[in-house]
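K.L.:
Here's a structure for you.
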Amino acid sequence: MKTGFSFIVFSLLTLLLVGSCKNAPRKEPSKDLFTLFVEDPDARPFYSDKQGVFGKNGMVASAHEEASKAGLEILQAGGNAVDAAIATHYALAVVFPFAGNLGGGGFAVIREHSGKYHSIDFREKAPLAAHRDMYLDKDGNVIEGLSLKGHLASGVPGSVDGTVEMHSRLGKIAWEKILGPAIRLAEEGVILTEREARGLNSYKKTFLEVNGPQLTYFIKPDGTEWKKGDLLVQKDLAECLKRIRDKGREGFYSGKTADLLVAEMKKGGGIITHEDLKQYKSAWRKPLVSDYRGHKVVSMAPSSSGGVALIQMLKLVEQYPLQQWGWNSEKTAQVMIEAERRVYADRAKWMGDTDFIDIPLDKLISAAYLKERWKDFNPEVASKSSDIRAGDIPGYESMETTHFSVVDKEGNAVSLTTTINGAYGSKVIVEGGGFLMNNEMDDFSIKAGVPNMFGLIGNKANEIAPGKRMLSCMTPTIIEKNGKLFMVVGTPGGSTIMTSIFQTILNVIDHKMTMQQSVNALKFHHQWLPDRTVFEKGAFSDKTLAELRKKGYVMDPQNGTLGRMDCILVYPDGRLEGASDPRADNTSVGY
Ligand code: GLY
């Protein structure tokens, strides 16, 4: 059994208020957000009363204000949504080392204003020297921590190749220009937020343990603790970014940066070689397309399980009158939980890298199959998840991935989720390069039936093989209404990504919330195993909780939070509402 990560932010957050919620027509961004959905004026089903940001010409919603501003700068310089997304991506690698990256990977769903869709998979790959049992000891037991921390935990990074590919197919302005904001932020420094200062301080010991006492990256020069307002300057990272600016893909996968990365791997017993870097290639995938209550839903195909799971959940609940039943009412919650249970069971069995295995994708999202999945549902009692071995499965709360959404004035849109997996990835910082490497190998099923850091179970479909992509939950998604761009959604959150996006979509489409209200709304999550529903305190009224418990549902309130959403809603008059999660530093900027 591997242990879960916990990030300091979760222990410091206290959820505020308790409430229940009734549906209501979508209003303009509400002045009295807290009273919009509730009959009891003291009941508050939202994490906060944060308001959405409005613009007409472009919007960027990301985990950090400076990264959103980097995207906006590129939009205002004539770039399109793809150019802006790339600028935001590289800025996040500087200002949000917690999850932004050069040493990781991700997925993007892109909509051209014409309605044409693209999706790109730049997920990391297992190195060529990887093998199925590389994290097991001679008795076949998992070696604690080996897939999570240190040099052996990394897959071959895909982010640079993915962004170069996106630009060469769909970008508008010069590549060199797009890297400008990130280089500036690395050279001149970024002012640390309270949260990032706390994160760097809490991982200092681990950074030193993994990289050695000579480490200078992310350590405050005078040796004291980082504080909010301190300036983080990253000169070596700036040089890496300049090489990417000047040479594109080759500025990372060959030449000096590649040499530094491979030397770092050799130094710490890692297995990524020059050949791995040379061979890495991202993949344009056919986006997964479905519909929900007349809206077109476009999401990510494997090697992420996210799109399949999201579409399954939406289609499973579509037959129920959720709006009539009300937001997080007992009936609504029950069918959502039962849908989630069935979908995560499918994930464990079927999902993996389609370059290596066959997945019956069409069948999994077909009406006939999903109808069959409801056959054993009894509304009087909770279903049971547990015909697979039970265990003490780690917590759900990891939020170390990052998502951002971009819309430009022509209506091009990008939904992009990227990660180095755990907080600050493997904690390995490439010497001379100053960037963190991922610990994405943990997203493989390193031993059948043993949960990963998100408590997710995997089997043969997701076992390690050289050059294979590890299964992901990332779910960048775009929704259309009446043939027009309607919503761009996504979030980090490991296993909770799909259920957070599921709820956010239902909040807007069924419960008529604004984008920001939907993001602010308290959330819950069930992932088949363990058989329990975790929820942000306040997500259910006491009465609803009692009813669900009476039916046999294990309802488990958490001090932590769910989701770090960054979403954009398009109104019929063309206004864009940027909604960034109040649960962290996330910020939308628009014009
Ligand atoms: N590493 C988290 C995910 O890919 O879902």
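K.L.:
Just list whichever of Lys375/Lys537; Lys281/Lys481; Lys296/Lys363; Lys331/Lys537; Lys205/Lys267; Lys205/Lys228 have alpha carbons separated by over 23 Å in the model shown. Working shown, then result.
P.N.:
Values: Lys375/Lys537 32 Å; Lys281/Lys481 34 Å; Lys296/Lys363 19 Å; Lys331/Lys537 19 Å; Lys205/Lys267 19 Å; Lys205/Lys228 19 Å.
Beyond 23 Å: Lys375/Lys537; Lys281/Lys481.
K.L.:
Here's a follow-up. Would you mind pulling out the separation of the Cα centroids of the range 197-268 and the range 571-591, in Å?
P.N.:
The range 197-268 and the range 571-591 have Cα centres separated by 31 Å.
K.L.:
Looking at the P(r) of the range 417-557, how many percent of alpha-carbon pairs lie beyond 23 Å?
P.N.:
Values: 4992 of 9870 pairs.
The calculated P(r) of the range 417-557 puts 51 percent of pairs beyond 23 Å.
K.L.:
What is the magnitude of the charge dipole of the range 494-554 about its Cα centre, with +1 placed on the Cβ of each Lys and Arg, -1 on the Cβ of each Asp and Glu, and no other charges, expressed in debye to the nearest 20? Present the calculation step by step, with values, prior to reporting the outcome.
P.N.:
On the way: 8 positive and 5 negative charges, 32 e Å.
It works out to roughly 160 debye.
K.L.:
By count of other Cβ within 10 Å, fewest leading, how are Leu506, Leu436 ordered?
P.N.:
Working: Leu506 24, Leu436 29.
Ranked by crowding around the Cβ, least crowded first: Leu506, Leu436.
K.L.:
Tell me, how many Å apart are the Cα centres for the range 516-567 and for the range 395-454?
P.N.:
Taking the Cα centre of the range 395-454 as reference, the centre of the range 516-567 is 24 Å away.
K.L.:
A further question on this structure: Once R0 is set to 30 Å, what does the formula 1/(1 + (r/R0)^6) return for the Cβ-Cβ distance between Asp376 and Asp139, expressed as a FRET efficiency to the nearest 0.05? If you can, show how the numbers build up before the last one.
P.N.:
Numbers: r = 38 Å, r/R0 = 1.26.
Working from the Cβ atoms, E equals 0.20.
K.L.:
How would the range 56-128 be classified by its alpha-carbon gyration tensor: rounded, prolate or oblate, with rounded meaning a/c under 1.5 and the a/b versus b/c comparison settling the rest? Numbers along the way, then the final one.
P.N.:
Values: a/c = 2.68, a/b = 1.23, b/c = 2.18.
Judged from the Cα gyration tensor, the range 56-128 comes out oblate (a/c at least 1.5, b/c at or above a/b).
K.L.:
Taking other Cβ within 10 Å of each residue's Cβ, how do Ile501, Ile420 sort, fewest first? Display every interim value, and only then the final one.
P.N.:
Working: Ile501 31, Ile420 35.
By the 10 Å Cβ count, ascending, the order reads Ile501, Ile420.
K.L.:
In percent, how large is the relative contact order of the chain, given Cα pairs closer than 8 Å and 6 or more residues apart?
P.N.:
Details: 1497 pairs, mean separation 158.0, N = 591.
Averaging sequence separation for qualifying contacts and normalising by length gives 27 percent for the chain.
K.L.:
What value in Å³ per residue do you get for the convex hull of the alpha-carbon atoms in the range 152-223?
P.N.:
Details: hull volume 10.8 nm³, N = 72.
Here the figure is 150 Å³ per residue.
K.L.:
Taking neighbour Cβ counts within 10 Å as the exposure measure, how do Ile183, Ile143, Ile497 sort from fewest upward? Provide the component values of the computation, followed by the final result.
P.N.:
Details: Ile183 21, Ile143 13, Ile497 33.
With the fewest neighbours first, Ile183, Ile143, Ile497 line up as Ile143, Ile183, Ile497.
K.L.:
I've got another one for you. Rounded to two decimals, what ratio of Rg to Rh does the chain give with C-alpha atoms and a Kirkwood Rh? Mind showing how you got there, number by number?
P.N.:
Details: Rg = 22.1 Å, Rh = 23.5 Å.
Ratio value, two decimals: 0.94.
K.L.:
Starting from the eigenvalues of the Cα gyration tensor, five times each then square-rooted, give me the equivalent ellipsoid semi-axes of the range 116-164, largest first, whole Å. It would help to have the intermediate numbers written out before the result.
P.N.:
Working: eigenvalues 178, 24, 17 Å².
In descending order the semi-axes read 30, 11, 9 Å.
K.L.:
In the range 462-591, if the dipole is taken from +1 on Lys/Arg beta carbons and -1 on Asp/Glu beta carbons about the Cα centre, which of Pro572, Met498, Gly467 is farthest to the positive end?
P.N.:
The Cα lying farthest towards the positive end belongs to Met498.
K.L.:
How large is ³J(HN,Hα), in whole Hz, for each residue of the range 561-576 in order, when computed from phi with the Karplus curve 6.51 cos²θ - 1.76 cosθ + 1.60 and θ = phi - 60°, using x for Gly and Pro?
P.N.:
For the range 561-576, the Karplus-derived couplings read 10, 10, x, 9, 6, 9, 9, 9, 10, 9, 8, x, 7, x, 5, 10 Hz, x marking Gly and Pro.
K.L.:
Show the residues, 5+ positions off or on another chain, whose built amide H is closer than 5 Å to the amide H of Asp291.
P.N.:
So Asp291 has HN proximity to Val297.
K.L.:
Still on this structure, I have one more. Report the one residue of Ala521, Ala339, Tyr292 whose Cα lies farthest in the direction of the positive end of the charge dipole of the chain (charges on C-beta: Lys and Arg +1, Asp and Glu -1; origin at the Cα centre).
P.N.:
It is Tyr292, whose Cα lies furthest towards the positive end.
Computed from the coordinates by the stated procedures, all read-outs in this text should not be read as laboratory data. Being a predicted model, the structure only gives us computed values, none of them experimental. We place every Cβ from the backbone using ideal geometry, glycine too, and count neighbours over all the protein chains shown.
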